[in-house]
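To keep things clear, I will list the structure first and then write my remarks on it.
Rule-based calculations on the coordinates, nothing more; no lab input. All values derive from a computational prediction rather than experimental measurement. Cβ placement follows ideal geometry from the backbone for every residue including glycine, while neighbour counts extend to all protein chains displayed.
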Amino acid sequence: MIDQFLPKYDLGDRVVPSGHPINDRPQVDQDWLTEIRKQNDAAMRRAPEVIREAYKEYYELTGRQKEPFIEEYMNDDADYVLVGQGTIAMPGRVIVRRLREQGHKSASPA
């Protein structure tokens with residue numbers, strides 16, 4: 001499924017030839033720097049919608065995680081909510097599950 005979702009990984013002409021180091025970080029003057037920052041700002045403003053579209057395609061393919069920004073876990077009646085991201089999400093779920101087993105009302109969006 002992942003191969004269907006992700007494009008083929010190809011560095012193209014960005015491969016550094018062995019024994020021939022190159023500078024792949026172009027230097028710019030102030031005029032171009034302002035333009036680049038403007039383009040970066042516009043791209044970041046579009047990012048949430050692009051992320052939502054990618055998650056929609058991924059969900060249609062796999063049925064996993066429809067909401068890209070917050071995934072709730074056992075928080076319907078929680079008194080406390082643990083918020084985490086990245087590598088803390090899975091241990092957070094384990095903690096929430098164990099606390100629930102002990103009778104505590106806690107939850108975790110992952």
| request: Match the structure shown to one of the listed values [x] 191; [y] 108; [z] 99 of volume of the Cα convex hull per residue in Å³, computed from it, and give that label. | output: [x]
| Taking the chain as a Gaussian network, Cα atoms linked when under 10 Å apart, which of Glu49, Glu57, Glu35 shows the biggest mean-square fluctuation? | Glu35
| Over segment 70-110, what is the mean sequence separation of C-alpha contacts under 8 Å (at least six apart), divided by residue count, expressed as relative contact order in percent? | 61
| note | Scoring the chain by relative contact order with C-alpha pairs under 8 Å, at least six apart, yields a percentage of 22
| request: Could you check the simple spin-label distance between Gln30 and Tyr9, using points 7 Å along Cα→Cβ, in nm with one decimal? | output: 4.2
| So, in nm, how far is label Glu53 from label Phe69 when the simple model puts each one 7 Å beyond its Cα toward the Cβ? | 1.8
| query | trypsin sites (Lys or Arg not before Pro), restricted to segment 27-85: which are DSSP loop and have at most 12 other Cβ atoms within 10 Å? | reply | Arg64, Lys66
| request: Restrict the search to segment 1-101; then list the chymotrypsin sites (Phe, Trp or Tyr not before Pro) that DSSP places in a loop and that have at most 15 other Cβ atoms within 10 Å of their Cβ. | output: Tyr9, Phe69
| Is segment 70-110 rounded, prolate or oblate when judged by the Cα gyration tensor, a ≥ b ≥ c being the square roots of its eigenvalues, rounded requiring a/c under 1.5 and prolate requiring a/b larger than b/c? | oblate
